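Participant: Can you read through this structure? Questions will come right after.
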Amino acid sequence: MLSDPCLGVSALAFDRVAKEDVYLRSKLPHVGTTIFTVMSKMAQQYNAINLSQGFPDFDCPQDLQERVSFYLNNRRNQYAPMTGVAELRQQIALKLIDQYGCRLDADHEITVTSGATEALFDAIQATVSRDDEVIMFDPAYDSYDPAVRLAGGKPVHLRLQQPGYQIDWQQVAEHINDRTRMIIINSPHNPSGSVLSAADLDALASLIRNRDIYVLSDEVYEHMVFDGGQHESVLRHAELREKSFAVFSFGKTYHATGWKMAFCAAPAAMTAEFRKVHQFVTFTSTSFLQYAIADFMRDCPQHHQQLAAFYQQKRDYFCELIRDSRFVFTPSAGTYFQCVDYSHISDLDDVAFVNWMTQEKGVAAIPLSAFYESPPESRVIRFCFCKDNSTLEQAAEILRRL
Ligand code: GLN
């Protein structure tokens with residue numbers, strides 16, 4: 001029998017399974033490989049500057065790396081507790097009081113997960129049942145819709161409104177019914193860079209008041225709000241916090257997307273259900289990273305305190321560099337993404353345009369249509385600016401000539 005060492009199954013067995021069509025009965029028939037993987041691979045293949053997938057090209061803080069090495073070398077290599085290392089959950093609880101004035105019970109309301117992607121998935125599986133409806137806003141981060149479908153639920157895609165990618169709360173009200181189980185919000189917003197206001201959260205709270213509807217609040221870019229704005233977390237909102245899963249990512253905050261470390265804060269009863277899923281998705285997350293992050297949070301709070309200024313500088317620098325280009329844009333209010341309209345440059349659709357730009361011109365970006373259930377006609381792409389200034393300069397040199 002032939003054996004394929006990569007698959008770990010015999011080639012013969014694989015062939016038999018394929019013939020029985022098991023692989024054709026897809027639970028996600030319309031899903032392909034994510035746009036982030038596609039564009040990063042293309043950037044590599046064509047040796048293009050990669051402003052597509054969101055990750056920094058600079059490293060995480062040296063002080064954090066040293067703590068990671070320390071715990072890796074000092075016997076923190078076995079399973080962490082299912083809910084997360086206690087020291088880390090306590091540091092998270094302290095930070096949430098400090099930032100949002102929200103006092104959470106570290107033992108019953110905070111869970112460490114393997115990335116925000118896992119936390120989003122767990123919250124959806126824990127809450128959404130067959131035929132439940134989940135409202136989300138396009139352009140929407142790509143993992144929400146498939147996670148809802150895998151739970152047997154029905155994604156209801158509403159469009160953010162122009163100008164500024166705002167939620168139309170009247171439209172939301174018109175789509176709420178007895179089957180609505182969850183509303184997913186994301187602020188600061190990937191890909192548009194818009195942010196929700198306190199008035200937005202009030203509008204959401206009044207719509208779900210006295211209803212069995214939960215909020216999944218994706219706040220992974222919490223520390224990247226610019227121009228003196230404040231991040232409006234659901235944890236700051238007395239009413240919403242009682243019905244929300246709030247999701248945060250250490251990957252974004254500590255420039256360490258590859259670690260896949262995050263957490264979810266939710267009321268105890270919701271957390272109990274969340275953990276029932278978490279314990280069978282990953283059970284627990286990497287132990288030495290948790291100890292290291294806990295120490296770093298305690299010793300170096302200045303890191304996240306200066307993050308908004310750090311990324312605002314990058315946004316301003318990138319926007320200044322491409323100001324004289326033919327791209328049209330409004331500077332992002334948050335995140336490390338900048339959307340631009342390229343209709344003065346090309347008539348190509350956005351996928352064809354980023355393919356051309358990556359392959360022929362040497363700069364990769366993300367087409368905005370990837371974030372829509374039914375993409376609009378507009379010609380908009382997303383650049384990621386969490387890059388060294390030299391990378392931004394090299395990219396802008398090319399972009400100015402388009
Ligand atoms: N969140 C990142 C982005 O928007 C990508 C994450 C991923 O590759 N799945 O670019």
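Participant: Only residues that are open to solvent by 50 Å² or more (accessible area, probe 1.4 Å), free of Cβ contacts under 8 Å to residues at least 40 places away in the same chain and over 17 Å from Phe371 (Cα atoms): list them for region 155-195, please.
Facilitator: Asp168, Gln170, Glu174, Asp178
Participant: Separate question: Among the numbered criteria (1) under 13 Å from Gly193 (Cβ atoms); (2) buried (at least 23 other Cβ atoms within 10 Å of the Cβ); (3) not β-branched (Val, Ile, Thr), which single criterion is violated by Ala365?
Facilitator: Only one criterion in (1) under 13 Å from Gly193 (Cβ atoms); (2) buried (at least 23 other Cβ atoms within 10 Å of the Cβ); (3) not β-branched (Val, Ile, Thr) is unmet by Ala365, namely (1).
Participant: Looking only at region 35-65, which residues are more than 15 Å from the ligand (Cβ to nearest atom), assigned to a loop (DSSP other than H, G, I, E, B) and either open to solvent by 50 Å² or more (accessible area, probe 1.4 Å) or among the small types (Gly, Ala, Ser) (or both)?
Facilitator: Tyr46, Asn47, Ala48, Asp59
For every residue, the table says whether it meets (1) touching a His at 6+ places or on another chain (Cβ under 8 Å); (2) modelled with pLDDT under 95; (3) over 21 Å from Met224 (Cα atoms).
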{"residue": "Phe248", "(1), (2), (3)": "no, no, no"}
{"residue": "Lys252", "(1), (2), (3)": "yes, no, no"}
{"residue": "Gly258", "(1), (2), (3)": "no, no, no"}
{"residue": "Ala265", "(1), (2), (3)": "no, no, no"}
{"residue": "Ala268", "(1), (2), (3)": "yes, no, yes"}
{"residue": "Lys276", "(1), (2), (3)": "no, no, yes"}
{"residue": "Gln279", "(1), (2), (3)": "no, no, yes"}
{"residue": "Thr284", "(1), (2), (3)": "no, no, yes"}
{"residue": "Leu289", "(1), (2), (3)": "no, no, yes"}
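Participant: Within region 331-356, how many residues turn out to be aliphatic (A, V, I, L, M), without any contact (Cβ under 8 Å) to a residue 60 or more places away in the chain and open to solvent by less than 30 Å² (accessible area, probe 1.4 Å)?
Facilitator: Residues flagged as aliphatic (A, V, I, L, M), without any contact (Cβ under 8 Å) to a residue 60 or more places away in the chain and open to solvent by less than 30 Å² (accessible area, probe 1.4 Å) within region 331-356 amount to 1.
Participant: Suppose we filter Ala93, Ala119 for residues that are of a type in the set (Gly, Ala, Ser), away from the ligand (no atom under 16 Å from the Cβ) and assigned to a helix (DSSP H, G or I); which single one remains?
Facilitator: None of the other options fit; the residue is Ala93.
Participant: Could you grab me the full set of residues in region 297-330 that are in contact with a Ser or Thr (Cβ under 8 Å, 6 or more places away or on another chain), of a type in the set (A, V, I, L, M) and surrounded by 18 or more Cβ atoms within 10 Å (Cβ to Cβ)?
Facilitator: Once the filter is applied, which keeps residues that are in contact with a Ser or Thr (Cβ under 8 Å, 6 or more places away or on another chain), of a type in the set (A, V, I, L, M) and surrounded by 18 or more Cβ atoms within 10 Å (Cβ to Cβ), region 297-330 yields only Leu307.
The values are calculated or read from the model by the stated rules, or taken from the named source; none is laboratory data. Just so we're clear, the structure is a prediction, and the values are computed from it rather than from any experiment. We place every Cβ from the backbone using ideal geometry, glycine too, and count neighbours over all the protein chains shown. Each accessible area value is taken on the protein alone, full model and side chains, heavy atoms only, with ligands, DNA and RNA left out. Shrake-Rupley method; radii C 1.70, N 1.55, O 1.52, S 1.80 Å.
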